[in-house]
Amino acid sequence: MTTTPTTAGAGASPPPRNSARTAERLPAHRLVARATGTYIARIQPQYLSDTSAAVAELARLRRGAGKRAHQVQDLWGAGGTEELARLLDDQEGFFRPEYAEEAVFLATTLWALHQQSGRDKGMHDRRQNLGGAVRTLIRLKGASGEDEEDSPLRKRLVRVGTAESLDSVAVRLREIVLLLRGAREPLDYARLAGQLYRWQHRPDRAGVQREWGREFHLAAASAARRAKSASDGETGDAIDRTLAPDEDFGGYAAGE
């Protein structure tokens, strides 16, 4: 058997890291999250600066908010799906590209709806997950303690998790996003995209539902710590750091 000769010596430098090769080693839901985060991180500052191309891009994306990717033909290839295609180029291993496209499309169009007419701050913020954002909305409405658990907003979050189709998830998430927009409360859309990818695969769905519930309940613990810090004269964290997304925009990297 012949072997291919190599020109690399013992002291040779390793070849430069290739982004596509690096991407191949990431779990699928983290690739989805990265594609979403990369796209929004590029467009959001342009929109906040009132760049005409970005304003037009968001107006176009908003037409797809709460819909499926195939339902809006003029958005095919838009909203981060090109970023996704680049990351998935020569992707090896088990992957569901249709789930990935739906997740990126839904997350980016909802972000465009959320960001509408707001130039004060970006509505994509890696520090705020879906459960924590809903908990914040409840508090902004003046609820506290046991009232938070019985809030209609919590029931909206439960309805997202228990939906039986992606169409229902899209509609129910759109309802929550409109409330977040009114309160100017941001959301981590990269993390959400990774979760939506996993949600579409039924064996992973229960894990995503548990994540949303855990986010909601841990946000309460974080608020209690902040309140205690404030009463002690200390500065509390703005979020629960145990829920911080990883370096690849991913959220719970290992899934459930």
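Screening the stretch 112-138 for residues that are more than 18 Å from ALA193 (Cα to Cα) and either modelled with pLDDT under 90 or small (Gly, Ala, Ser) (or both) and picking the one that is surrounded by the most Cβ atoms within 10 Å (Cβ to Cβ) gives GLY118. Evaluated against (1) in a helix (DSSP H, G or I); (2) open to solvent by 50 Å² or more (accessible area, probe 1.4 Å); (3) of a type outside the set (S, T, N, Q); (4) at pLDDT 75 or above, LYS67 falls short on exactly one condition, (1).
Does the stretch 87-105 hold any residues that are modelled with pLDDT under 75 and open to solvent by 60 Å² or more (accessible area, probe 1.4 Å), and which are they? Once the filter is applied, which keeps residues that are modelled with pLDDT under 75 and open to solvent by 60 Å² or more (accessible area, probe 1.4 Å), the stretch 87-105 yields ASP89, ASP90, GLU92, GLY93, PHE94. Here LEU84 qualifies as among the hydrophobic types (A, V, I, L, M, F, W, C) and at pLDDT below 85.
The values are calculated or read from the model by the stated rules, or taken from the named source; none is laboratory data. Just so it is clear, the model here is predicted, and its values are computed rather than measured. In this analysis, Cβ positions are derived from the backbone assuming ideal geometry, glycine residues included, and neighbour counts consider all displayed protein chains. Accessible surface areas use protein heavy atoms only, side chains included; no ligands, DNA or RNA. Shrake-Rupley method; radii C 1.70, N 1.55, O 1.52, S 1.80 Å.
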